[in-house]
2 protein chains.
Amino acid sequence: MKIEMICTGEEVLSGQIVDTNAAWFGNQLMDLGIEMERRVTVGDRLEDLTAVFQERSLYADVIIVNGGLGPTTDDMSALAMANAKNEALVENTQWRETLEAWYSDRGRTMPASNAKQAQLPATAIMIDNPVGTACGFRVKLNRAWLFFTPGVPHEFKQMVQEQFIPFIQQEFDLEETTQLQKLLTFGIGESTLADELDQLPIPEHITMGYRSSMPHIEIKLFARGENAIEALPDVTARVKAVLGDALVSENHPTLAAEIHHLLLQQKKTLSLAESCTGGLIASQLVDFPGSSNYLQHCLVTYCNAAKTTLLNVSEAIINQYGAVSIETVEAMASGARNILDSDYALATSGVAGPDGGSDDKPVGTVTIALASKSAIWSQQVHIPINNRSMIRTITCAIAYDMLRRALLGKDPVANYSFIKKR
Amino acid sequence: MKIEMICTGEEVLSGQIVDTNAAWFGNQLMDLGIEMERRVTVGDRLEDLTAVFQERSLYADVIIVNGGLGPTTDDMSALAMANAKNEALVENTQWRETLEAWYSDRGRTMPASNAKQAQLPATAIMIDNPVGTACGFRVKLNRAWLFFTPGVPHEFKQMVQEQFIPFIQQEFDLEETTQLQKLLTFGIGESTLADELDQLPIPEHITMGYRSSMPHIEIKLFARGENAIEALPDVTARVKAVLGDALVSENHPTLAAEIHHLLLQQKKTLSLAESCTGGLIASQLVDFPGSSNYLQHCLVTYCNAAKTTLLNVSEAIINQYGAVSIETVEAMASGARNILDSDYALATSGVAGPDGGSDDKPVGTVTIALASKSAIWSQQVHIPINNRSMIRTITCAIAYDMLRRALLGKDPVANYSFIKKR
């Protein structure tokens, strides 16, 4: 089965809205082990829509079309489809009555423009939309079933889950079993990873892919069919052996998520003292519901006065060693941990740039410390990227990874191939 | 000039990453008054890539291709283009040397796999990438120039701005003068905006567009030609009159950027006490170089013990009124401001959900206070969206807007049409 998607709408094409429907739909298919072949995004011009329906119907078995079913004049998916098939638009009495009932249930008269939403291509099979005024429909043209869905995200999602997926499962007998294994890495470049992993023998029907999402690279092993699924654990083990310290999660898409789950699991508390990361660690953790179970406080001590007043870092230490130093961040971590006697505290301080660097501490120099009730660990590294936001993001990741390793009983200071220790 | 975009990569097609490059690029074109005709998204299959390059080169004058220039085996845009044009891949000596220098400058040897990034189709014209290891290139096939760019967002953006746009401006003689006016709004829904603005008479050759980027809607007024440019200030003034309080910036893309510039300009200092926003305000400000000039500290007091210990909020107040109350956030703002006697302090506390809501304080109830040296203002609102991340983002925006209004000498508490005051 070859499946494609056609996204319609000037606002999607011109970037006024980011096309989250397309990404969501791709993920739904992947969870079913179905690969999409192509996605085409077109604006609201009738002739473009007609042309793209005709053209793609020659190549795909199923085409999901998203958008253009609304009541306004720039919604013309139904008309374009009727033109593409050279047939008339015909009123679907059932949907017309549904619409009228929808409005009268709400004590309103149906606006004239909505009648258009019951006009479907003559050979269309209507698809119910229980949560909106735009019904879906499907039409066969050439080799393809074109399946039309509304652009409103929650209407689209419900129609995909309740109608589209059962339709393709039945129509195309999707029985083949598939399995996906994801491995999240940190601290190793994509080319170094590829150099090492491309030498591994990968059995037939297992494919390996990479997804780079700064500061992580995720490795995906996709197995298709019984034999490949059986071989997957062994392949995974060999990949993990190559990764070593660079493997930071098997279950979660980010280090923040990994830390969130580990802290909840182990019922440990955390405090933070953030200088160059400036609240980024706290903010990423607070984004998870339930983070209040472990996160006690975070002090963004951006000026030196805040470091001494709030964290009890002695002025002498800052004057002697500087704000970006092992001595200062260790004092910050201890100070943060002491306030409410947390199980752990993380502290960061660094030169995020673009200004503020020196020969001794160039932009990208960051220092991170982890304090527990009984010990303190720290490291100073140089991140070789002159980009403020990236330096802050990578600093967060190193901090998370120190805590992750401590929670798992490992030495908190790892070796990352692309980050130099100082 | 007909312009299309081809986005490549399994991870974009399958929705593992949302294609923000495509949306950003659409916006860039719109700012130049250029409409995109079509966008095609394909995966990492060589034959699909080759076919789509050949096919689209028959219809478009310029095709920007994004992604597939990395060092790994699933990056094959260059090979697919060479196949599409039926020519060989040839090493570009200049880029090979640039790559080797890039690595040796960093005290590293170039991994073998990177050599692939200097292999370009025989007739390609190399395009410099000063911030990454993937050079771009352009190739003429049929009627189209195919212009290849890296998928890494900051590399892509730099190449578009510094190389792609000048290229099409020169190649296609885009001389017509245009002007763009952007107005950033907050607190008003798109349909309400459209209902009011669509009634304004807009002169010929001025077009009005919207870009929705939660929590903001940006209004764009685009003028094409001398007469339209002359009329633009008058149209802008009429739009501003309709917007009233909803207009929050004329020069900056976000409220955070507006606040950053106002604080620098007025040389005022700021402290923060964040509960439900959890470091998000601090983090967004710290992302701007120079924020250390005004941001003194931020206390993320996520548990009540932190509020009393760090901010000196009395336990009695929290017990009597609750953590999400006018009384508590006012005490938090005062407490935060007092520590280093900042000019201003902002404090937030709210029910971000999905749990923790009650009949009295449902999910979405948030309280925000602003303290100055002489006064304190606060408001409790209900944000009618059951989404943790969105509630936190909108809370930040309200906090910024209170500070913005105070800095401009206005009443800090505005009326937002879509947010209910409590």
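Each reported figure results from applying straightforward, stated rules to the coordinates on display, with no laboratory input. This structure is a prediction, so every number in the text was calculated from the model and none was measured. Reconstructed Cβ throughout: ideal geometry from the backbone, glycine too, with neighbour counts over all protein chains shown.
Observations on the structure shown:
- Within region A:255-421, all pairs of alpha-carbon atoms sorted by distance into 5 Å bins from zero give the percentages 2, 10, 20, 24, 22, 14, 7, 2, 0.
- Residue among A:SER113, A:SER349, A:SER325 with the largest mean-square fluctuation in a Gaussian network model of chain A, springs linking Cα atoms under 10 Å: A:SER113
- With its label point defined 7 Å out from Cα along the Cα-to-Cβ axis, A:LEU174 lies at 3.9 nm from the matching points of the other copies, in increasing order.
- Distance between modelled label sites at A:ASN293 and A:ILE326, nm, 7 Å Cα→Cβ extension: 3.7 nm
- Fluctuation leader among B:THR395, B:THR109, B:THR328 - chain B, Gaussian network, Cα springs under 10 angstrom: B:THR109
- Distance between the pseudo-spin-label points of B:THR20 and A:SER113 (7 Å out from Cα toward the beta carbon): 3.3 nm.
- Cleavage-rule hits, chymotrypsin sites (Phe, Trp or Tyr not before Pro), region A:291-343, DSSP coil, Cβ neighbours within 10 Å at most 14: none
- Legend: calculated FRET efficiency, A:LYS2 to A:ASN338, from the Cβ-Cβ distance at R0 = 56 Å, rounded to 0.05, equals 0.35.
- Which of A:SER249, A:LEU69, B:GLY33, positive extreme of dipole for the protein assembly as shown (C-beta unit charges): A:SER249
- Among the trypsin sites (Lys or Arg not before Pro) within region A:337-389, those in coil by DSSP and having at most 14 neighbouring Cβ atoms inside 10 Å are A:LYS373.
- Take every Cα pair under 8 Å whose residues are at least 6 apart in sequence, average their separation, divide by the length of region B:178-249, and the relative contact order is 46 percent.
- Positive minus negative residues near B:THR254 (Lys, Arg vs Asp, Glu; Cβ under 11 Å): -3
- Count Lys and Arg as plus one, Asp and Glu as minus one, and take only other residues whose Cβ is under 15 Å from that of B:PHE156; the net charge is then -3.
- Counting only whole DSSP H helices of chain B, the ones at least 24 Å long by C-alpha along their axis and with mean Kyte-Doolittle hydropathy no lower than -0.5 are B:226-243, B:388-407.
- Legend: ranking of residues B:LYS240, A:LYS307, B:LYS267 from fewest to most surrounding C-beta atoms inside 10 Å; resulting order B:LYS267, B:LYS240, A:LYS307.
- Here the Karplus curve 6.51 cos²θ - 1.76 cosθ + 1.60, taken at θ = phi - 60°, turns the phi angles of region A:145-154 into couplings of 8, 9, 10, 8, 10, x, x, 4, x, 6 Hz, with x standing for Gly and Pro.
- Net charge over other residues, Cβ less than 11 angstrom from the Cβ of A:ASP343 (K, R count +1; D, E count -1): +3
- Given chain B, longest segment not containing exposed loop GluC sites (Glu not before Pro) (DSSP; at most 11 other Cβ within 10 Å): B:205-422
- Chain A: relative contact order in percent, alpha carbon pairs under 8 Å with at least 6 residues between: 10 percent
- On the basis of the beta-carbon distance and an R0 of 56 Å, B:LYS240 and A:ALA241 show a calculated FRET efficiency of 0.35.
- Gap separating the Cα centres of region B:1-64 and region B:188-232, nearest whole Å: 27 Å
- Across chain B, Cα-Cα pairs farther apart than 37 Å form 42% of the total.
- For B:GLY107, inter-copy label distances in nm, listed shortest first [label point 7 Å out on the Cα-Cβ vector]: 7.5
- Distance between modelled label sites at A:ASP360 and B:GLU55, nm, 7 Å Cα→Cβ extension: 6.2 nm
- Phi angles of region A:110-116 translate, via the Karplus equation with coefficients 6.51, -1.76, 1.60 and θ = phi - 60°, into HN-Hα couplings of 5, x, 4, 4, 6, 4, 3 Hz per residue; Gly and Pro are given as x.
- Computed E for B:ASP31/B:ALA194 - FRET, C-beta separation, R0 30 angstrom, nearest 0.05: 0.90
- By the count of neighbouring beta-carbon atoms within 10 Å, fewest first, B:MET5, B:MET76 end up ordered B:MET76, B:MET5.
- Using the rule -39500 (n - 2.57) for each DSSP H run of four or more residues, divided by the residues of chain B, the 222 nm mean residue ellipticity is -11000 deg cm²/dmol.
- Sparse packing (at most 16 other Cβ atoms within 10 Å of the Cβ) combined with a DSSP loop state is found for the following trypsin sites (Lys or Arg not before Pro) in region A:100-203: A:ARG106, A:ARG108, A:ARG143.
- Measuring spread by the Cα atoms of the protein assembly as shown yields a radius of gyration and Dmax of 28.1, 84 Å.
- Panel order for A:VAL18, A:VAL286, B:VAL239, by other beta carbons found within 10 Å of each beta carbon, from fewest to most: A:VAL18, B:VAL239, A:VAL286.
- Taking the label point 7 Å along Cα→Cβ, A:VAL90 and its counterparts in the other copies are spaced 6.0 nm apart, in ascending order.
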